[in-house]
Structures are given as C-alpha cells and as structure tokens.
Amino acid sequence: MAMVSAATPGPKPSQTRRPGERPHDAVSTRVVLAMQGVTKSYPNGRVALRGVDLIVPEGDFVFLVGPSGAGKSTVIKLLIRDEVPTKGVVLLDGRDLARLKRRDVPRIRRKIGIVFQDFKLLPNKTVRDNVAFALEVTGARRRDIDPAVDRVLQVVGLTGQANQLPGQLSGGEQQRTAIARALVHNPRLFIADEPTGNLDPLISWEIIQLLLRINDLGVTVLMATHNAEVVTAVRKRVVALENGRIVRDQTGAAYHRED
C-alpha cells in the first residue's frame, strides 16, 4: 500500500523539533499516524477493533476515550507494534508497521515515546540515569546524551531532582521522570496511557498541563484516558471508541457527547 503523506492538515502550526525549541510558523500537513480499515481479532475469537479509520496529523493532541474493553489498549499495542492488525493497515510516518522486518522494529519504536500510569522507572537509577538509559540502549554517544537529558529535565521541571532516586520522588515527579524518558529521543508520536490513573486530582492536572505544553512545542500527543473531567476541561480532539469502533471524532469536544 502507498504511504500516507500529506492528507489532512493539522489543527495548528507545527514542525518537527525537539522539546524546548521554539515552534515555527509554518502549518504542517504531515500525517504522523494513520489507521486504515483496521480490524483486530484474537485467537480466542474476541474482536477488539472493527474497521477503524484514524488520521493523526503532526502536532495534534488526541484524547482516546471509551469504556473498558472498547479497544483503547489494542490501539496502543498496534501503534507500538506489540500486535499487528488482522485486517487493514497501521502507518507510522508512512511506514506499514505490519510489514516491518524484525530488525527494524526497535528503530521504528524509537519514533514513539510512551508513558503508563505505573511509571515503570528503574528503582536503582537516579532521575538523570533513568532518562539517559533511553538513549544509552540505542547506542547514543555520551556527548549527545548529557545535553539531551538536561534539556528534557528542564522541560518537565525536574532539574533540581536529577540526582534523586525514584523512591525519593512524589508520584507526580515520578511521572514527570517517565515523561522525560519518553521525550529524550525526540519521538514523532507521544503516547500517554492513563498517565494520571495513579495520581490525585491536583497532580493529575499538573501532568495534563505538562502534556499540553509539550504539545505546544510541536510533539504529537495521543492520550488514552477515563478522566472525563480533564478531557472536558481541556477541549482538544476526542476520539471515542465503543465495542471496537470509533463512534465519535470531534475537535474541541467534551468527554461525553454533547447534543
């Protein structure tokens, strides 16, 4: 299948740049993510997704919502290539993820940054070392790692906690560390899977504000969440799933349909 290129214009100006760099004025029309007719069935007969079509242009901020079992987790698994579709195509930067050779999977995954509700930090490494580890495993040079880590720690507001261990941090600071680690390799797509699920409401809102700030720097964000209050307050693009189908795709929307 031909690669998706300039399809749907993004909702706001953006270009590829690193977190912390100032945005440019040009309007991007580049598609970061495309799902075309995607169906996903599992060996036990469960159909998790049914004919899903989704286009995410560069610089977009998308809330992926829906009840448990709606298909949100399956979408994320397809995007990080933990699964491949039964039918249809998933494209990241125009690359068909199902057609990747095994040796190319780690390289394409480096285009994605992902955070979860349980942080997944290495407990015996400092904040700085947790973030640096994401670059070390890719073979990055030390002279490139240190300034990259400094930059993202500044973005997430953790410069003063760089030498602390995860156990010395609050839940919000641990999630900020996870966000920094996911950002440090300049991903094309940033996925947040229930990033506020283990945080109290005030800290949750601070994390959302951070994600919005990261989005303003040009990073494309896809956030799966059950947090109706946050989604309704922020009023970004909302893609709602039910029974494996997209039932609503609205910009500037609330968590629930407003008729």
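The values are calculated or read from the model by the stated rules, or taken from the named source; none is laboratory data. Predicted model, so just to flag it, every value in this text is computed and none were measured. Cβ coordinates were reconstructed from backbone atoms using ideal geometry, including for glycine residues, and neighbour counts include every protein chain displayed.
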Restricting the range 182-231 to residues that are in contact with a Gly (Cβ under 8 Å, 6 or more places away or on another chain) and in a helix (DSSP H, G or I), the one farthest from R107 (Cα to Cα) turns out to be I203
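From G69, G59, grab the single residue that is in a loop (DSSP other than H, G, I, E, B), at pLDDT below 95, under 23 Å from Y255 (Cα atoms) and within 20 Å of the chain's Cα centre (by Cα). Give the steps one after another, and end with the answer.
Working: G59 fails: at pLDDT below 95.
The match here is G69.
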Within the range 107-117, identify whether any single residue is in contact with a strand residue (DSSP E or B) (Cβ under 7 Å, 6 or more places away or on another chain) and part of a helix (DSSP H, G or I), and answer yes or no. yes
Look at S41 and say whether it is in contact with a strand residue (DSSP E or B) (Cβ under 7 Å, 6 or more places away or on another chain) and either at pLDDT 90 or above or within 27 Å of V230 (Cα to Cα) (or both). yes
Taking the range 136-145 and the residues there that are at negative phi and at pLDDT below 95, the one that is surrounded by the most Cβ atoms within 10 Å (Cβ to Cβ) would be A140
Starting from residues that are touching a Lys or Arg at 6+ places or on another chain (Cβ under 9 Å) and of a type in the set (S, T, N, Q), keep the ones in the range 187-224 and report whichever is surrounded by the most Cβ atoms within 10 Å (Cβ to Cβ). T220
